Structures are given as C-alpha cells and as structure tokens.
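Visitor: First the structure, then my questions, so here it is.
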Amino acid sequence: MFDHIADALAQPHLIRLRPGLYTLRFESMKVISALGAVERLMADGVIHPGDTLVDSSSGVYAHALALACQKYGFHCHIIASPIVDAALRAQLQVLGATVDQPDATDDAKLDQGGRVRKVLEYVERNPGAHWMRQYHDQIHYHGYEDAAKSMMKQLDVPELVLVGGVGSGASTGGLATALRRHGVDARLLGIQPFGSVSFASQDVEDPEFLIAGLGSGIHFGNIDYDAYDDIHWIDFTYARSGSIELLREHGVFAGLSSGAAYAVATWQASGHGFDDRHPVVFVTPDTGHRYVHTVFENPDSAVVRDTDHYPLVVTEPVELRLPWCRTDWKRHGVNFPQPKSEF
C-alpha cells in the first residue's frame, strides 16, 4: 500500500520482452527523480514546507514536481515549455501549481534558455523560492537508487547493458551510477536526438523531432559525461518506428524516447543472440498518450529500420547524419566538445 500517488508512480516495472531484452517501464519517470531530490533537500535543511519550488519543464518533470510539492507541503511554480498541453496544464493547476508558459520561438535553444532565465528572475523576486535545477544538479540522481537495487535483485547478473535517453542526465546516469556502486558491471548506452547540444549534434537538423526530454538546447550541468560507454543519435523516423513496434509486438504504449531506446536495445541485444546471460535493459520513461497524433496515427507508414547499414559508426561530430549514428564514447568522448554553461 502507498501513502501517496507519487510513491506509486515512482515504482517502475521490469518487464521481460524476450530472452535477453527487458524494459524498465515507468508511468512517469521524473516522479522518482523529483521525489528523491525533494527528500534529500529536506533532509539537508535546504528547503522547508511552505517554500516554493520552481523549475522549467517540457511537461513530465512539471507533473512530478507538482506531486512532490503536494505530498510534502510545498508551493510549486512551473515555467512551462510551449509543448505542455491543456490536459497537463489543468492537472498542474488543480494540484496547486502556478504555471507561466512563454510563447514558442523557432529555436529550442532560445526556448530552453529563456525559460531558465525566467526561473532565475522568479527566484530573485520571490523570497522563499528554490530553483530545483533539474538540468543542473546531480541531486536528481538519488531517486534512482532503489530502482537500480530492485533491477539488480530481479536480474541477478554480474553485468548488463543499460539503454536510455540522456535528457537531463539524471535517469540513465543515476541508474548506471547506482548499479556500478553496488558491483554490477553496467555498460551504459545513451541516446540523443539530432539537434541536441549535449553531445555535439546541434548542427544536424531533424525538423520532426522535438528535442525536449531526450536532448537539450542548452548546457545541462548534471550530465555525467564520464558515465556513458556509447552514444547513439537517432532521428524521428527511427524513434517512431521503435515506438510503434514496441506497442505492436509487446503491448507497451510509450513515447518517442522509449521508441528510440527500443530500437537501440534490440540492435544491441541481437549482437548477443538475445541471451539472458547478457541482458539489455532499456528505459521506458512515460506512456504514449501525448504522442498519439504525432506517432501512433497511421502506424503502417512507419519506416522499416535498416540495421544492415545503421547505426553508422562516427568518430567526430562532422560525420553525424540521419537517421542513426553511434560512437564508442569510452566514458570521455574526446572528439565531441561539451557545451559550456550559460547559467
């Protein structure tokens, strides 16, 4: 039994899709991140009930933070991305959060950077407001500790491959860090969309893929670049085909980040012949509801992934091109410059 809905949403399910291939499936992954961060900040005396917790979000973290605030008695203020829809905005408002949603621009970097600047302005104007820094503080790693322990217990293997979107760095970074700390040899494959600055693909345009959530338009300070073994860049068409195949073949209804992770995970697992002794686990961070029109309508139009020629192996950013590339990052990626912080 759970005392709050946030506690229930924070519990992922490990699902075996076929031998050697598993998904760690969340209904709303950022809940585990927000709860862990709020609980740690409370324990450290940084925040106190009655304070206002503030952050920028493209949607999922906003909902997570609003739930954490309701559970622990904080006020919540969200600087929302233009892609936050009416259904989520209504939930936030009923949960007691205040929402500021700036107009969209044609530049994701301007959108993300502008929202963070609005957060800083809000905190400066409002005593008792605390910026949660979901993009910039590794305190968001802490919530993934229990999920990693549960996965270890269920799989009971000395090594595994973990696949998932990089995004703000907290989910895959937090899971891999915890697994390694507890003795599991976890090889970490991070996924980026083209157009993201985090791993230097900002000059490769994929107009159909919104980078929010999976990639970044600004520097994300909590990404541990030394945590990743491989980086895969994948475009909208391949991520969409992964989402549709994941639902069609396994009944898992999830979004584009999950579709991209499924595509990479199945490619990786096939190299071991889908063997439970070498499990590949990919992260499914949320459901597919907000992707119904962009992903799941006309499913027969999805492209068939060409795994004979892709992923294309690259060694520097100038070689990147659609639809799918990978590099042996080796936990340092010396040929791929990291963005500098603006905040």
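Visitor: Check 335, 298 and return the single one that is of a type outside the set (Val, Ile, Thr), in contact with a Pro (Cβ under 9 Å, 6 or more places away or on another chain), surrounded by fewer than 19 Cβ atoms within 10 Å (Cβ to Cβ) and at pLDDT below 95.
Guide: Details: 298 fails: in contact with a Pro (Cβ under 9 Å, 6 or more places away or on another chain).
Every option except 335 fails the conditions.
Visitor: Still on this structure, please answer the following. Search region 173-189 for residues that are not assigned by TED's automatic domain parsing to the domain that holds residue 232 and pair each with any residue that is among the acidic types (Asp, Glu) when their beta-carbon atoms are under 8 Å apart and the residues are at least 6 apart or on different chains.
Guide: So the pair list comes out empty.
Visitor: I want to confirm something. Restricting to region 309-332 and keeping residues that are surrounded by fewer than 19 Cβ atoms within 10 Å (Cβ to Cβ) and among the basic types (Lys, Arg), which single residue is modelled with the lowest pLDDT?
Guide: 331
Visitor: If we keep just the residues of region 2-35 that are among the hydroxyl-bearing types (Ser, Thr, Tyr) and touching a Ser or Thr at 6+ places or on another chain (Cβ under 9 Å), which is surrounded by the most Cβ atoms within 10 Å (Cβ to Cβ)?
Guide: Of everything passing the filter in region 2-35, 33 is surrounded by the most Cβ atoms within 10 Å (Cβ to Cβ).
Visitor: Does residue 168 satisfy the condition of being touching a strand residue (DSSP E or B) at 6+ places or on another chain (Cβ under 8 Å) and in a loop (DSSP other than H, G, I, E, B)? If you could, list the steps in order and put the result at the bottom.
Guide: On the way: touching a strand residue (DSSP E or B) at 6+ places or on another chain (Cβ under 8 Å): no; in a loop (DSSP other than H, G, I, E, B): yes.
So residue 168 does not fit the description; no.
Visitor: Out of all the residues in region 232-255, is one or more out of contact with any Asp or Glu (no Cβ under 7 Å at 6 or more places or on another chain), among the small types (Gly, Ala, Ser), assigned to a strand (DSSP E or B) and surrounded by fewer than 24 Cβ atoms within 10 Å (Cβ to Cβ)?
Guide: no
Visitor: Further, regarding this structure: With the condition kept exactly as written, say whether any residue in region 287-310 is in contact with a Gly (Cβ under 7 Å, 6 or more places away or on another chain) and part of a loop (DSSP other than H, G, I, E, B).
Guide: For region 287-310, residues in contact with a Gly (Cβ under 7 Å, 6 or more places away or on another chain) and part of a loop (DSSP other than H, G, I, E, B): present.
Visitor: Continuing with this model, one more query. How many residues does region 271-305 contain that are within 20 Å of residue 163 (Cβ to Cβ) and free of Cβ contacts under 8 Å to residues at least 12 places away in the same chain?
Guide: Residues in region 271-305 being within 20 Å of residue 163 (Cβ to Cβ) and free of Cβ contacts under 8 Å to residues at least 12 places away in the same chain: 1 in total.
Visitor: Among the residues of region 195-227, which ones are aliphatic (A, V, I, L, M) and touching a Lys or Arg at 6+ places or on another chain (Cβ under 8 Å)?
Guide: Listed by number, the residues that qualify are 197, 204, 218, 227.
Visitor: At pLDDT 95 or above and surrounded by fewer than 21 Cβ atoms within 10 Å (Cβ to Cβ) - does that describe any residue in region 205-217?
Guide: no
Visitor: Scan region 182-223 residue by residue and report those that are in contact with an Asp or Glu (Cβ under 8 Å, 6 or more places away or on another chain), part of a loop (DSSP other than H, G, I, E, B) and among the charged types (D, E, K, R).
Guide: 206, 208
Visitor: If I filter region 51-61 for residues that are more than 22 Å from residue 216 (Cβ to Cβ), touching a Phe, Trp or Tyr at 6+ places or on another chain (Cβ under 7 Å) and of a type in the set (Asp, Glu), do I get at least one hit?
Guide: Yes, region 51-61 contains a residue that is more than 22 Å from residue 216 (Cβ to Cβ), touching a Phe, Trp or Tyr at 6+ places or on another chain (Cβ under 7 Å) and of a type in the set (Asp, Glu).
Residues are listed down the side, and each one gets a yes or a no for (1) in a helix (DSSP H, G or I); (2) among the hydrophobic types (A, V, I, L, M, F, W, C); (3) surrounded by 14 or more Cβ atoms within 10 Å (Cβ to Cβ); (4) out of contact with any Ser or Thr (no Cβ under 9 Å at 6 or more places or on another chain):
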{"position": "37", "(1), (2), (3), (4)": "yes, yes, yes, yes"}
{"position": "47", "(1), (2), (3), (4)": "no, yes, yes, yes"}
{"position": "63", "(1), (2), (3), (4)": "yes, no, yes, no"}
{"position": "76", "(1), (2), (3), (4)": "no, yes, yes, no"}
{"position": "90", "(1), (2), (3), (4)": "yes, yes, no, yes"}
{"position": "103", "(1), (2), (3), (4)": "no, no, no, yes"}
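Visitor: Now for a separate question. Here is a list: 61, 22. Which entry is of a type in the set (Phe, Trp, Tyr), in contact with a helix residue (DSSP H, G or I) (Cβ under 7 Å, 6 or more places away or on another chain) and closer than 22 Å to residue 253 by Cα?
Guide: 61
Visitor: Among the residues of region 1-35, write down those that are over 16 Å from residue 138 (Cα atoms), of a type in the set (S, T, N, Q) and not in a strand (DSSP E or B).
Guide: Residue satisfying the conditions is 11 alone.
The values are calculated or read from the model by the stated rules, or taken from the named source; none is laboratory data. Everything quoted here is computed from the prediction, not taken from an experiment. Every residue, glycine as well, gets a Cβ built from its backbone with ideal geometry; the counts of neighbours run over all protein chains shown.
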